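Reviewing the structure listed below.
Just so it is clear, none of the values below were taken in a lab; they were calculated from the coordinates. Just so we're clear, the structure is a prediction, and the values are computed from it rather than from any experiment. Positions of Cβ are generated from backbone atoms using ideal geometry, with glycine treated the same way; all protein chains shown enter the neighbour counts.
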Amino acid sequence: MAPENWPSLKAARTRAKTLVEKFDLTPPIDIKSLLLERAQVEYVSWSHECDAVTVLGDDPPRVFVRDDLPPLRERFTLAHELAHIQLAWHVGTVNCQIDAGVDAEYSLAAVSGAQEREANEFASRLLAPDRWLSPLVQELSSFERTAMQKVLDSLAEAQMSAHAGLIALSRYLLPGHAFFVDQSFAISRSTSWPGQAPLNVAEVEQYLERCVSVEEFSHQGRTIFWAITSESVEPSFQIQVNSVDVRTPHQILTACCGRVFGEEFAKSKAMSINGVVGGLTNDIELHWHEAAIVSVVRQRIEERDDLRDVLVDEEFSMYLEKKAQSIVQKRSDAAK
């Protein structure tokens, strides 16, 4: 699977965002019209295990779509094929095969092949645009059943399958959210991984048993389970930073690493920790508040055998708090 920040994957997201802004698109997106304006589309009956075939060498491109797809799955398929046309580095004839065992759902988390992953990412960002989806989550002050039901009701307007919609939604949730649709799942960033899809019943049950809370919903005609894997960190929690200490976060971190790992390794360990922080928080559209950043970085450092000892240093919390404030402030400045 391509990493989240793989250049071509980021380019696919950007292309979808450009299309949304250029035509001022809001859900439900008229995806069929968008595709028909750019390709010849023909619905056909076949026994092959694929939803569509796109011939990119023709002018205009030709798209053959399976004629017995469920409506919501058809919409995602059309958006996926549009991606192959819009992403200039996709060439040749593309057979878009569903992920075996995912019960007729596209799996953005498990799909193989870089171009297929890019097309899925484009389709997800097009059908549930970032500028539309982000406010649905950001307006909420907490996540309990009523709040989640409100989000799911709004998400249904995008007319995506349950699994595809939940994958889109999970992009904006704080760490600790997991959704299950039969054997498939969608999780927010830095949430514990359930396993390789398709999951069996026992794997799903074992995961849910370890969660803090589990709620059941009906969404897009499917039964879904929403699980909170750890105690939530509310944005109302205010981080108290030592205003007397004028050192930068990097200076504090280097001092921590020197005490814990020794001066010889202080610089390399600090670089590793800064890499962890950057990898978790470099997506400016996540809008994580300070307490969430501190929580998720602590969790990730705890998982690293080579770094977790730094957590016991008395000043490491100060580093995290100052770093989180710096990240939030930079995002606020960038938004002005």
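Any chance you could give the angle, 0 to 90 degrees and rounded to 10, that helix 71-86 forms with the longest Cα principal axis of the chain? In the chain, helix 71-86 runs at an angle near 80 degrees to the longest axis. Across region 156-181, no residue has a backbone nitrogen under 11 Å from the label position 7 Å along the beta-carbon direction of T26. In the chain, the longest principal axis of the Cα atoms and the axis of helix 316-335 are about 50 degrees apart.
As a check on your grasp of the helix formula, calculate [θ] at 222 nm for the chain: sum -39500 (n - 2.57) over DSSP H runs of n ≥ 4, divide by the residue count, round to the nearest 500.
Details: 12 runs with 155 residues, N = 336.
So the calculated ellipticity at 222 nm is -14500 deg cm²/dmol.
Distance between the modelled labels on E215 and S192, one decimal in nanometres: 2.1 nm (7 Å Cα→Cβ projection).
Work out how much length V312 to S154 would gain on full extension: take 0.36 nm times their residue separation and subtract the Cα-Cα distance, in nm to one decimal. Spell out each step's value before the answer.
Details: separation 158, 0.36 × 158 = 56.88 nm, distance 4.34 nm.
Full extension of this stretch gives 52.5 nm more.
With charges only on Cβ, +1 for K and R and -1 for D and E, what is the dipole size of the chain about its Cα centre, in debye, rounded to 20?
It works out to roughly 980 debye.
At a Förster distance of 41 Å, what's the computed FRET efficiency of A11 paired with R304, Cβ-Cβ distance as r, to 0.05? Result of the calculation: an efficiency of 0.85.
Provide the gained length on full extension for the span R38 to V244, in nm with one decimal, where the gain is 0.36 nm per separating residue minus the Cα-Cα distance. Walk me through the intermediate numbers first.
Numbers: separation 206, 0.36 × 206 = 74.16 nm, distance 6.03 nm.
Contour length minus Cα-Cα distance gives 68.1 nm.
Here the simple spin-label model places points 7 Å from the Cα toward Cβ, and for R131 and A202 these points are separated by 5.0 nm.
On a full-extension model of 0.36 nm per residue, what is the gain between M271 and A88, subtracting their alpha-carbon distance, rounded to one decimal in nm?
62.3 nm
How tilted is helix 290-302 with respect to the longest principal axis of the chain? Cα atoms for both, answer in degrees (0 to 90, nearest 10). Taking the Cα atoms of the chain, the angle to 290-302 is about 90 degrees.
Roughly how compact is region 2-81, stated as its Cα Rg over 2.2 N^0.38 Å to two decimals?
Working: Rg = 14.0 Å, N = 80, 2.2 N^0.38 = 11.6 Å.
Normalised by 2.2 N^0.38 Å, the Cα Rg of region 2-81 equals 1.20.
Set against the labelled values (i) 19.5; (ii) 22.3; (iii) 21.7, Kirkwood radius over Cα pairs in Å computed from this structure falls on (iii).
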